[in-house]
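The values are calculated or read from the model by the stated rules, or taken from the named source; none is laboratory data. Note that this is a predicted model, so its numbers are computed, not measured. Backbone-built Cβ (ideal geometry, glycine too); neighbour counts: all protein chains shown.
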Amino acid sequence: MELKSVTEDDAEFLFELLKQREGRVNISHKSTPDWEEHLQYVKNHDYQSWDIIWIDETRVGNIYLTKKDEIGIFIDKNFQSKGHGSEAIEQFMEKNGKKRYLANINPTNYKSIQFFGKHGFLHIQNTYHKKFD
């Protein structure tokens with residue numbers, strides 16, 4: 001496995017990954033951006049670190065770290081449940097060398113809750129919001 005920094009060449013792969021994500025369990029995207037919005041984000045993202053997860057010569061997912069030390073990961077559905085996420089998160093945390101990482105997870109995203117729990121992340125809070133139109 002190799003982690004390589006995201007480049008514009010990865011935009012199409014990342015766009016396909018976005019389409020695989022389930023909106024109901026997603027926190028970072030309420031709806032899928034269009035291609036132009038996505039491409040602009042890839043070019044001008046504000047992550048501390050954003051990598052593509054490679055197995056041999058194949059992209060299998062992405063992993064990122066926000067400026068608030070929030071970590072996120074998504075593995076292509078064709079490569080899930082094969083240990084790639086576990087290997088990637090361990091490599092990524094070692095590479096970035098932070099003392100603390102956070103993971104914001106939708107409370108209905110049970111797979112992510114289990115995944116991060118398995119990797120030593122502890123539940124520390126529930127956050128609520130009220131929206132006014």
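One table, with the values for the structure above:
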| read-out | value |
| --- | --- |
| Single residue of 62, 104, 26 found to be at pLDDT below 95 and in contact with a strand residue (DSSP E or B) (Cβ under 6 Å, 6 or more places away or on another chain) | 104 |
| Check on residue 49, at pLDDT 95 or above, out of contact with any Asp or Glu (no Cβ under 9 Å at 6 or more places or on another chain) and among the hydroxyl-bearing types (Ser, Thr, Tyr) | yes |
| Out of 71, 52, sole residue that is out of contact with any Gly (no Cβ under 9 Å at 6 or more places or on another chain) and surrounded by 13 or more Cβ atoms within 10 Å (Cβ to Cβ) | 71 |
